[in-house]
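Reading through the structure tokens given below for one structure.
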Amino acid sequence: MKKRIAMLLVAAMSVGLVACGNSNNTSSTAASGSSKSASSASSAASSASSASSSGSEAKSTSTPKADGETPKIAFVGKVEGQAWWDHVQDSVNEWAEDTGVEVTYQAPAEVDAAAQVQIMTDLVNQGEIDALLFSPNDPDACEAICKEAMDKGIIVIATEASGMTNVDYDIEAFDESGLGAFLMDELAAQMGEEGEYVTMVGSLTMESQNNWADAAIAQQEKEYPNMKYLDERVVDDSDADIAYNKTKELIQKYPDLKGILGTGSFDAPGAARAIQEMGLTGQVFAISVAMPSEVADYINDGTLQSVALWDAGVTAKAMCNLAVKMFSGEEIGATVDLGVDGYDACAVDGTLVIGDGQIAITKDNIDEWLEVGI
């Protein structure tokens, strides 16, 4: 489970959210970091390897807290000055203002694992925080400092780090089956729950994208008997131009084609371009995970009805709420309500907390995302 969650987020964020970093050459920063960050953190990762080999099974422990006492939280993002993570920072600050809980937000100036680890190290060594929340540029490089934090009784909560050992919890926005079913529900509504459709992925070797597609097909078979899967897994090599050309070929090959369900961020933009050029808006429908800025024109003119995404700012608020629960001594059971939309009935599997945080970007809400530059 943890391996698959990690792969799905890396696949989606490193490929699916590449547009997040275009303005400052930090593409892929929303989740997986960069080769530079991996190499610059080699020494940290090496020390983390030995630290994590023994694991850190126990949760962080500290002395009981007085009624009304609140934790001092540090939140470390992946990078500063990038729209996706600036939105996270704004969300954390908003949460702090709403709750009155003290939160310090920091992030490295570049997507650099070593710089991020140094920020975390300084925070832990200063001895002034009760909870360390973060999204790692390199999970392995963070293991050692997270173990040190836990040994000192600091609560450690991550996101996009489901394979990490030395965390109390890792919160993920969704699982593979949930996102696949969500994509199918959206497409089915657009198609009137009937007609032929195909699936599109970046590559047949991208496990997460193919798992999402499989889950979508399973949802169709279960819920939408009047829809027909054409049993063709289309590959666009994570390239919008290829998605565009493949869509034109598909429409010519299948005259009754009504839907294209993509799982990579280039699928819907490329398909929409073809649908628009061929004058088939309202007759052929497409959906995928996508950045609002990449599909805004198609959403606003009706070529696309919706695309899928998740709100990392809401995930950050869920992390903060979990930290407060742990700080107050609340026991975390098999499910947990983290007090924000999509995270009010999270499944808990060991250290993994899985939300239902996928959302539809539509004409009604896309401007909200464009305003924050996403």
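The values are calculated or read from the model by the stated rules, or taken from the named source; none is laboratory data. It should be emphasised that the depicted structure is a prediction, and the values quoted were computed from it without experimental measurement. Please note: Cβ atoms are built from the backbone with ideal geometry, for glycine as well, and neighbour counts cover all protein chains shown.
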*Could you count how many residues in the range 357-371 are in a loop (DSSP other than H, G, I, E, B) and under 10 Å from residue 311 (Cβ atoms)?*
1
_Extreme residue, farthest from residue 59 (Cα to Cα), among residues of the range 313-352 that are of a type in the set (D, E, K, R) and in contact with a Phe, Trp or Tyr (Cβ under 9 Å, 6 or more places away or on another chain)_ = 317
*Considering the range 202-236 alone, what residues qualify as being in contact with a Lys or Arg (Cβ under 6 Å, 6 or more places away or on another chain) and either modelled with pLDDT under 95 or in a strand (DSSP E or B) (or both)?*
234
*When you go through 74, 131, 114 one by one, which is the residue that is surrounded by 18 or more Cβ atoms within 10 Å (Cβ to Cβ), touching a helix residue (DSSP H, G or I) at 6+ places or on another chain (Cβ under 6 Å) and farther than 21 Å from residue 172 by Cα?*
114
_Can you tell me how many residues within the range 89-109 are crowded, with 22+ Cβ neighbours inside 10 Å and either in contact with a His (Cβ under 7 Å, 6 or more places away or on another chain) or under 17 Å from residue 142 (Cβ atoms) (or both)?_
1
*Does residue 354 satisfy being under 29 Å from residue 97 (Cβ atoms), surrounded by 15 or more Cβ atoms within 10 Å (Cβ to Cβ) and either in contact (Cβ under 8 Å) with a residue 12 or more places away in the chain or more than 17 Å from the chain's Cα centre (by Cα) (or both)?*
yes
*Of the conditions (1) in contact with a strand residue (DSSP E or B) (Cβ under 7 Å, 6 or more places away or on another chain); (2) not assigned by TED's automatic domain parsing to the domain that holds residue 237, residue 292 fails just one. Which one is it?*
(2)
_Tell me which helices (runs of 4 or more DSSP H) are completely within the range 74-181 and hold 2 or more residues being in contact with a Phe, Trp or Tyr (Cβ under 8 Å, 6 or more places away or on another chain) and modelled with pLDDT of 95 or more, or say none if there are none._
83-99, 113-126
*Name the residues in the range 170-180 that are surrounded by 24 or more Cβ atoms within 10 Å (Cβ to Cβ) and more than 13 Å from the chain's Cα centre (by Cα), would you?*
180
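Residues of the range 320-356 being part of a loop (DSSP other than H, G, I, E, B) and either modelled with pLDDT under 95 or acidic (Asp, Glu) (or both), which ones?
Within the range 320-356, 330, 331, 337, 341, 344, 356 meet the criteria.
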*asked:* Among the numbered criteria (1) closer than 22 Å to residue 250 by Cα; (2) of a type in the set (Val, Ile, Thr); (3) within 19 Å of the chain's Cα centre (by Cα), which one does residue 281 miss?
replied: (3)
_Unique match (being among the β-branched types (Val, Ile, Thr), without any contact (Cβ under 8 Å) to a residue 60 or more places away in the chain and under 23 Å from residue 84 (Cα atoms)) among 340, 295_ = 340
_I need the full set of residues from the range 266-290 which are closer than 17 Å to residue 200 by Cα, not aromatic (Phe, Trp, Tyr) and not in a helix (DSSP H, G or I), in order please._
284, 286, 287, 288, 289, 290
*Single residue of the range 196-215 satisfying the filter (surrounded by 20 or more Cβ atoms within 10 Å (Cβ to Cβ) and more than 18 Å from the chain's Cα centre (by Cα)) that is nearest to residue 284 (Cα to Cα)*: 197
*For the range 250-274, what are the residues that are of a type in the set (Lys, Arg) and surrounded by fewer than 19 Cβ atoms within 10 Å (Cβ to Cβ)?*
253
_the range 216-249, residues that are under 19 Å from residue 275 (Cα atoms), surrounded by 18 or more Cβ atoms within 10 Å (Cβ to Cβ) and among the polar types (S, T, N, Q)_ = 238, 247
*asked:* It is to be established whether one or more residues within the range 228-242 are closer than 13 Å to residue 183 by Cβ and either under 27 Å from the mean Cα position of the chain (by Cα) or outside the structural domain of residue 181 (by TED's automatic domain parsing) (or both).
replied: no
*Of all residues in the range 252-265, how many are in contact (Cβ under 8 Å) with a residue 12 or more places away in the chain and either farther than 16 Å from residue 183 by Cβ or in a helix (DSSP H, G or I) (or both)?*
3
